[in-house]
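Note sheet for the following structure.
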Amino acid sequence: MKNMKYGIKNEKNKTPRELFSVQHDGLAKEAEKWMKETAQACMIVTTLIATVMLAAAFTLPGGSDQNTGRPLRATTTPFKIFIISDAVSLFSSCTSVLMFFAILTSRYAEMDFLTSLPKKMILGLSTLFISIATMMATFAATLVIVLPGEASWVYIPVSV
């Protein structure tokens, strides 16, 4: 190997980066396929969650006052939990959609696999997990609002 101005080259006049790129070309194509399939599947799930959480924000459990339009149970703790968890779920699912969309529209260059794509995938999956968890909290709060005192044994398994 000889030391040249632009880096060390082997006997075939290739730098380590060039050699790596050639030898791992199949791996990069495989990783691109996996990233796209995973992002597409997760994007469908997170889009459904965002749709449901947006609808839940406008169809408040417990109903509204006919004159003012204010929710009837707006001051109760379960209603506050409902609103907060619904908003967190909606926000995190929208963030997740954006991350998976960024993965799908990426150029999949070799350098993207080093930092950009893994960060986007981790952020997308993390926010998807948060949106699922807070969606379950929204559902549990809805049960408490809609069935106050009735079937209280249902709250525990649903919450867990």
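The values are calculated or read from the model by the stated rules, or taken from the named source; none is laboratory data. The shown structure was predicted, so the numbers you read here are calculated from the model rather than taken from an experiment. In this analysis, Cβ positions are derived from the backbone assuming ideal geometry, glycine residues included, and neighbour counts consider all displayed protein chains. The accessibility values were calculated without ligands, DNA or RNA, using every heavy atom of the protein model including side chains. Shrake-Rupley method; radii C 1.70, N 1.55, O 1.52, S 1.80 Å.
In segment 96-135, what residues are on the phi > 0 side of the Ramachandran plot and small (Gly, Ala, Ser)? The answer is none; no residue qualifies.
Checked across segment 31-40, the condition of being surrounded by 12 or more Cβ atoms within 10 Å (Cβ to Cβ), under 30 Å from the mean Cα position of the chain (by Cα), farther than 30 Å from Met121 by Cβ and among the polar types (S, T, N, Q) holds for no residue. On the basis of being of a type outside the set (Phe, Trp, Tyr) and open to solvent by 50 Å² or more (accessible area, probe 1.4 Å), does Ile83 make the cut? Yes: the conditions hold for Ile83. Please report, ordered by residue number, the helices (runs of 4 or more DSSP H) entirely within segment 72-160 with at least 3 residues that are β-branched (Val, Ile, Thr). It comes to 77-104, 116-146. Taking the listed residues Ser93, Ser116, the one that is more than 30 Å from Gln23 (Cβ to Cβ) and under 21 Å from the mean Cα position of the chain (by Cα) is Ser93, with no other qualifying. Can you confirm whether segment 5-24 contains a residue that is farther than 30 Å from Gly124 by Cβ, crowded, with 16+ Cβ neighbours inside 10 Å and among the hydrophobic types (A, V, I, L, M, F, W, C)? No: zero hits.
Looking across segment 93-117, the residues that are of a type in the set (S, T, N, Q) and at pLDDT below 95 come down to Thr105, Ser106, Thr115, Ser116. From the set of residues in segment 56-71 that are under 13 Å from Phe139 (Cα atoms) and part of a helix (DSSP H, G or I), which is most open to solvent (accessible area, probe 1.4 Å)? Applying the filter and picking the extreme gives Ala57. Being in contact (Cβ under 8 Å) with a residue 60 or more places away in the chain and either over 28 Å from Val160 (Cβ atoms) or of a type outside the set (S, T, N, Q) (or both) holds for only one residue in Val88, Val97, Val52, and it is Val52. Looking at Pro71, Pro61, Pro16, just one residue is in contact with a strand residue (DSSP E or B) (Cβ under 9 Å, 6 or more places away or on another chain) and touching a residue at least 24 places away in the same chain (Cβ under 8 Å), and that residue is Pro61.
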